[in-house]
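Undergrad: Below is a structure I'd like to ask you about.
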Amino acid sequence: MKSIIVAVDYYSNLNKLNNLIEELIELNKACDIETMYQLIQKLPQPNSTSYIGKGKLGELLHIIEQEAIDVVVFNEELTPTQMKYLSTVIPCEISDRTGIILKIFEERAKTREAKLQVEVATLHYLLPRLVGGNAEKIGQLGGSGFRGSGEKQIELDRRKIRDRIARINRELEESGSKRKVQKNKRYRSEIPIVALVGYTNSGKSTIMNHYMANKDTKKVFEEDMLFASLQTSTRLVELEDNVKFLLIDTVGFVQDLPKHLFKAFRSTLEEIVEASLLLQVVDSSNQLCEDQIEVTNSILKELKADHIPMIYVYNKVDLNKYGLIRLRQPNIFISAKNNINMDILTKRIVDELSKNDSYQKIKIPYEKIEDFIKISRQLRILSTKYLDDGVYSEVICPINKLYFIQEYILVN
């Protein structure tokens, strides 16, 4: 499909508009839409009815006719009024940034929960846009054949959509309850959680798969595209010396993420709040990475996860495009794809997770040797000596597991 991007330049910082357009081009590409032209008009603010002025609208119509454009993609989310008017004058498909993102999510969602979350977000987006050219689209996405031209029929369609949203929300609540049970099991296991966060296509899934390389565990999907993976994945990472942590790969962020979509996926993103450590993965080869960091940090703040210790992981250093980056601290440079500095990243993770661990000397009598076996499977054993009256060990123990060895601790 051939498209033209339409944008209004009312930003005080021109780079912001350029960044948004570049990102929209990539979003189009993810939908197999080729961006042929960009039509930009400088205005104090978008026109409340037609988004752009009448002169630019005429220019747009001329390009559509001359170049056989299939779809016009507007840089911002159109209001219902704008969508209704433009659908009457533009002789081809109309979409906007939100519509494109929703389309990507709809195509990529794999799990039942993800599909439901995308559907409810799409229905919320399309509900006020039911009149006009989107009525048929709502019928396709809503699954109930929403059609009709009269006011009475539209109200009926709207009620069907609201009922569908209510049914989906109930099912999502049940799914959320199951997730809470799983979460509680993780808490009881007392295994720390490390969450991969960051902009879409920054390399989070590649890092996840690096830690799964020598395991039979199913890998997460990774691809050089925006929103390659849309569901939160959790894997157990087991290192030497009984070091274990749960690694969570979260949905990637994006500028101007549709509010309904963010709300729908908030339940899965809430696992971030329970993490002991955040790894913000940054695409160091992307010239917009500073803006992407700001977007990620603002979302973490909205999730109330901005207090959690975080390491900035500058990925894709193999592309050698990170020379002008303004570094955030603490940081590390890696290439997950080419295994550059991944051992250092692992050490940083272990150091961060164990910084509050306690060094202890313990002695366990031989009649309780089974306890020593259990301890050796749970804690980092630095040294072991077999004495006449028991087993002497030096161990590193997390604060929350001191009860595990309390009766065997030697008082200095």
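Undergrad: Check segment 80-92 and report whether any residue there is among the hydroxyl-bearing types (Ser, Thr, Tyr) and at pLDDT below 90.
TA: Within segment 80-92 (the criterion being among the hydroxyl-bearing types (Ser, Thr, Tyr) and at pLDDT below 90), the answer is no, since none of the residues qualifies.
Undergrad: Still on this model: Tally time: how many residues in segment 60-89 are assigned to a helix (DSSP H, G or I) and either under 20 Å from residue 24 (Cα atoms) or in contact with a strand residue (DSSP E or B) (Cβ under 7 Å, 6 or more places away or on another chain) (or both)?
TA: The qualifying residues number 8.
Undergrad: Just checking, which of 2, 42, 56 is of a type outside the set (Gly, Ala, Ser), within 20 Å of residue 107 (Cα to Cα) and in contact with a strand residue (DSSP E or B) (Cβ under 7 Å, 6 or more places away or on another chain)?
TA: 2
Undergrad: Looking at 349, 344, which one is buried (at least 19 other Cβ atoms within 10 Å of the Cβ), out of contact with any Lys or Arg (no Cβ under 8 Å at 6 or more places or on another chain), under 28 Å from residue 277 (Cβ atoms) and in the same structural domain as residue 276 (by TED's automatic domain parsing)?
TA: None of the other options fit; the residue is 349.
Undergrad: Also: Looking at segment 370-400, which of the residues that are charged (D, E, K, R) and not in a helix (DSSP H, G or I) is surrounded by the fewest Cβ atoms within 10 Å (Cβ to Cβ)?
TA: Across segment 370-400, the extreme among qualifying residues is 388.
Undergrad: Report yes if residue 361 is of a type in the set (D, E, K, R), out of contact with any helix residue (DSSP H, G or I) (no Cβ under 8 Å at 6 or more places or on another chain) and assigned to a strand (DSSP E or B), otherwise no.
TA: For residue 361, the condition - of a type in the set (D, E, K, R), out of contact with any helix residue (DSSP H, G or I) (no Cβ under 8 Å at 6 or more places or on another chain) and assigned to a strand (DSSP E or B) - is met.
Undergrad: What pairs can you find where one residue is in segment 373-391 and in contact (Cβ under 8 Å) with a residue 40 or more places away in the chain, the other is small (Gly, Ala, Ser), and their Cβ atoms are less than 6 Å apart, with a gap of 6+ or different chains?
TA: Qualifying pairs under 6 Å: 381/393.
Undergrad: Condition first: more than 16 Å from residue 207 (Cβ to Cβ), modelled with pLDDT of 90 or more and among the basic types (Lys, Arg). Can you find one or more residues in segment 319-339 that meet it?
TA: For segment 319-339, residues more than 16 Å from residue 207 (Cβ to Cβ), modelled with pLDDT of 90 or more and among the basic types (Lys, Arg): present.
Undergrad: Still on this structure, I have one more. Of all residues in segment 383-404, which are within 19 Å of residue 241 (Cβ to Cβ), at pLDDT below 90 and not basic (Lys, Arg)?
TA: 396, 397, 398, 399, 400, 402, 404
Undergrad: In segment 6-21, how many residues are surrounded by 15 or more Cβ atoms within 10 Å (Cβ to Cβ) and either under 25 Å from the mean Cα position of the chain (by Cα) or not assigned by TED's automatic domain parsing to the domain that holds residue 84 (or both)?
TA: Here the count works out to 5.
Undergrad: In segment 173-219, how many residues are among the charged types (D, E, K, R) and either part of a loop (DSSP other than H, G, I, E, B) or modelled with pLDDT of 90 or more (or both)?
TA: 6
Undergrad: For segment 361-368, state whether one or more residues are touching a residue at least 60 places away in the same chain (Cβ under 8 Å), in contact with an Asp or Glu (Cβ under 6 Å, 6 or more places away or on another chain) and surrounded by 12 or more Cβ atoms within 10 Å (Cβ to Cβ).
TA: The answer is no; no qualifying residue exists.
Undergrad: Does residue 235 fit the bill of being within 16 Å of residue 275 (Cβ to Cβ) and at pLDDT 80 or above?
TA: yes
Undergrad: Here is a follow-up. List the pairs whose first member sits in segment 44-56 and is among the small types (Gly, Ala, Ser), whose second member is assigned to a strand (DSSP E or B), and whose Cβ atoms are under 9 Å apart, counting only residues at least 6 apart or on separate chains?
TA: 53/41; 53/47; 55/41
Undergrad: Please find, among 150, 133, the residue that is surrounded by 12 or more Cβ atoms within 10 Å (Cβ to Cβ), at pLDDT below 85, over 28 Å from residue 207 (Cβ atoms) and over 28 Å from the mean Cα position of the chain (by Cα).
TA: After applying the criteria, what remains is 133.
Undergrad: I've got another one for you. Among the residues of segment 296-320, write down those that are part of a helix (DSSP H, G or I) and out of contact with any strand residue (DSSP E or B) (no Cβ under 6 Å at 6 or more places or on another chain).
TA: Within segment 296-320, 297, 298, 300, 301, 302, 319 meet the criteria.
Undergrad: Moving on. Which pairs turn up if I take residues in segment 321-339 that are over 19 Å from residue 349 (Cβ atoms) and look for partners that are assigned to a loop (DSSP other than H, G, I, E, B) and among the polar types (S, T, N, Q) with beta carbon separation below 9 Å, at least 6 apart in sequence or on another chain?
TA: What qualifies is 321/284; 321/285; 321/286; 321/287; 322/284; 322/285; 324/287; 325/284.
The values are calculated or read from the model by the stated rules, or taken from the named source; none is laboratory data. Since we're looking at a predicted model, the values are computed, not measured. All Cβ positions, glycine included, derive from the backbone under ideal geometry; neighbour counts span all protein chains shown.
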